[in-house]
Amino acid sequence: MRVFAALVPPDAAIEDLADFLEPRRADPAARDLSWSRPESWHVTLAFMGSATPDGVDDFIDRLGDGRLDLSVGPLQVRGGGAFPVIERAKVVYAGLTDHGDATGSLERLSERTRNAAAVSGCAPDGRAFTAHLTLARSRRPVEATRWVRVLDAYSGPVWQPEEVQVIESNLGRRGPRYALLASVPIGAGSSDPAHLH
């Protein structure tokens, strides 16, 4: 199973960003990029490219066992960037700002999520955590300075994350299809994940 754990912004935040990008995506330069659908936007905390169903169940249970009992947010989609570098980008993304009292709370949330995955036998990828929403990809490297400047002008609504979603990703010709497996509450007293499979 290809599985990831993520924060999914609320509809208001998704719609605001989509409205901001819509007229800019009409620009001919936007054709160089393959734009992701707004309903697929999320902040990946941990990605497991090859996990067993039993391992995923254990991972979900471990997330609900108090590991997510920490203060996160409020958050805001703001600014952007490109991977691996702006001059030769293959991914254009929107950034995320943490307005919470505890700085680094998103990094701690990702670390706890990755640790739960590792202990469950669902080896997470080794990439360093960068809080972002992938907006577009390119098969070949592109110069993305223009898009990063556009995103630098963006500040979305502030929102409070309430749960981590565990999602299965199935690859298809038209891009990945996502299936929600569980939602695990974040914050004091977090427990009892809602298994959906």
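Going by neighbour counts of Cβ atoms within 10 Å, the residues 99, 42 line up, fewest first, as 99, 42. Across the chain, C-alpha contacts under 8 Å between residues 6 or more apart give a mean separation that, scaled by the residue count, equals a relative contact order of 32 percent. Our estimate of slack between residue 177 and residue 71, defined as 0.36 nm per intervening residue step minus the Cα-Cα distance, is 35.1 nm.
Here the contact order of segment 52-151, divided by its residue count and restricted to Cα pairs under 8 Å and six or more residues apart, works out to 37 percent.
Summed over all non-identical Cα pairs, the Kirkwood treatment of segment 1-41 gives a radius of 11.9 Å. Could you tell me the distance between the Cα centroids of segment 26-105 and segment 146-184, to the nearest Å? The two parts, judged by their Cα centres, are 6 Å apart. Each label point was placed 7 Å from the Cα along the Cα-to-Cβ direction; for residue 2 and residue 128 their separation is 2.5 nm.
Coordinate-derived values only; no laboratory data. All values derive from a computational prediction rather than experimental measurement. Positions of Cβ are generated from backbone atoms using ideal geometry, with glycine treated the same way; all protein chains shown enter the neighbour counts.
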